[in-house]
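Engineer: Below is one structure. I have some questions about it.
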Amino acid sequence: MLIAPSILSADFGNLAKDVKAICDGDCDFVHVDVMDGHFVPNLTIGPVVVEAVASASSKPLDIHLMVENNSFFVDLFAPLKPEFISFHIEEEKHPHRLIQKIRSLGIRPAITLNPHTSPESVEFLLADVDMVLLMSVNPGFGGQKFIPSVLERATRLKKLINRINPDCLIEVDGGVSDKNIQSLKDVGVDVVVAGSFVYKHPDGIREAISLLK
Ligand code: DX5
Ligand code: ZN
């Protein structure tokens, strides 16, 4: 299982230190939650702060857009050369075009599905993306409760991916802990995002990542 800690639960007064801590703890990606206060009822960080995150990070960035104007934000973040940019399918009129744009910028395109969105609705995009992010909470905040129906969605998505694009990764985001990570692995999930579990663990960041692994 690949681990992508979310810096949403980091101490923003000591952001560089908290980014280095997850990299030293051997995470696989640094998950960056970008919220615009419109698509979701919360507002986080823009390119200036993400640039500071990128400089502090020795691991590739996984940028999760939760915004209304996806193409505008892709242009803002592309110069930082993240590994992935994912955008919400619920908020994009021309997802296929945006996927092509992200790839043309040398970034791996990913699509994100809210808890109510079925995997079958993105069947005809699967050939063109490198990852599908299934939300296991409603986007906007860290520390929410895991929604178990993501297990059925991941099972159904895995079947589609096996047929259409076996290299495409499945990522799950929200409420992930050492209590549910095995159930995610069992249904074919490749990457998990974990915010509060990693940053708030009583035994520290390194131990939290190693527990998940
Ligand atoms: C929610 C974000 C998540 C969040 C996960 O909108 O996309 O990445 O930070 O936090 P936890 O792991 O605390 O649910
Ligand atoms: Zn996220």
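The values are calculated or read from the model by the stated rules, or taken from the named source; none is laboratory data. On a predicted model such as this, the values are computed, not experimentally measured, just so you know. Backbone-built Cβ (ideal geometry, glycine too); neighbour counts: all protein chains shown. All accessible areas refer to the heavy atoms of the entire protein, side chains included, with ligands and DNA or RNA removed. Shrake-Rupley method; radii C 1.70, N 1.55, O 1.52, S 1.80 Å.
Engineer: Past the 26 Å Cα-Cα mark, which pairs from K20/K158; K20/K81; K17/K81; K59/K213?
Structural biologist: Check vs 26 Å cut-off fails for K20/K158.
Engineer: Whose amide H sits under 5 Å from the amide H of L2, counting only residues 5 or more places off or on another chain, with H placed in the peptide plane?
Structural biologist: V191, V192
Engineer: Convert each backbone phi in the stretch 109-116 into a coupling constant with the Karplus relation 6.51 cos²θ - 1.76 cosθ + 1.60 (shift: θ = phi - 60°), then list the ³J(HN,Hα) values in order as whole Hz, x for Gly and Pro.
Structural biologist: So the Karplus estimates, Gly and Pro as x, are x, 9, 10, 10, 10, 5, x, 8 Hz.
Engineer: Whole-Hz Karplus ³J(HN,Hα) for the stretch 196-213, in order, using 6.51 cos²θ - 1.76 cosθ + 1.60 and θ = phi - 60°, x for Gly and Pro?
Structural biologist: Using θ = phi - 60°, the values come out as 5, 4, 6, 7, 10, 5, x, 8, x, 5, 4, 5, 4, 5, 5, 4, 5, 5 Hz.
Engineer: Taking H as built 1.01 Å from N, whose amide H comes closer than 5 Å to the amide H of L169, not counting residues under 5 places away?
Structural biologist: Excluding prolines and chain starts, which carry no amide H, the hits are M131, V132.
Engineer: Accessible area per residue of the stretch 2-212 at 1.4 Å probe, in Å²?
Structural biologist: 43 Å²
Engineer: Can you compute the helix-only [θ] at 222 nm over the chain? Use -39500 (n - 2.57) per DSSP H run of at least 4 residues, normalise by all residues, nearest 500 deg cm²/dmol.
Structural biologist: Using -39500 (n - 2.57) per qualifying helix, the result is -9500 deg cm²/dmol.
Engineer: What residues qualify as long-range amide H neighbours of V67, i.e. H under 5 Å apart, gap of 5 or more or another chain, H built at 1.01 Å from N?
Structural biologist: Residues meeting the amide H criterion: H88.
Engineer: Of all the accessible heavy-atom surface of the chain, with the other protein chains kept in place and a 1.4 Å probe, what percent is carbon and sulfur?
Structural biologist: Solvent-exposed carbon and sulfur of the chain make up 53 percent of the total.
Engineer: Next question. Compute a Gaussian network model of the chain, connecting alpha carbons closer than 10 Å, and tell me which residue from I22, I147, I111 fluctuates the most.
Structural biologist: I147
Engineer: Moving on. Of N14, N70, N165, which has the largest mean-square fluctuation in a 10 Å C-alpha GNM of the chain?
Structural biologist: N14
Engineer: Ordered by residue, what ³J(HN,Hα) values in Hz, to whole numbers, does the stretch 32-45 give under the Karplus form 6.51 cos²θ - 1.76 cosθ + 1.60, where θ = phi - 60° and Gly and Pro are x?
Structural biologist: Each residue of the stretch 32-45 in turn: 10, 8, 9, 10, 10, x, 10, 5, 10, x, 7, 10, 10, 10 Hz.
Engineer: In the chain, if every C-alpha pair distance is counted and binned at 5 Å from zero, what percent goes to each bin?
Structural biologist: The distribution over the chain is 1, 8, 17, 21, 22, 17, 10, 3, 0, 0, given as percents.
Engineer: Please enumerate, by chain and number, the lysines with C-alpha under 18 Å from the C-alpha of K159, excluding those fewer than 8 residues away in the same chain.
Structural biologist: K185
Engineer: Please list, by residue number, every one of the trypsin sites (Lys or Arg not before Pro) in the stretch 74-110 that is coil in DSSP and has at most 16 other beta-carbon atoms within 10 Å.
Structural biologist: Those satisfying the criteria are K93.
Engineer: Can you tell which of A154, A54, A127 shows the greatest fluctuation in a Gaussian network model of the chain with Cα springs below 10 Å?
Structural biologist: Highest fluctuation among the options: A127.
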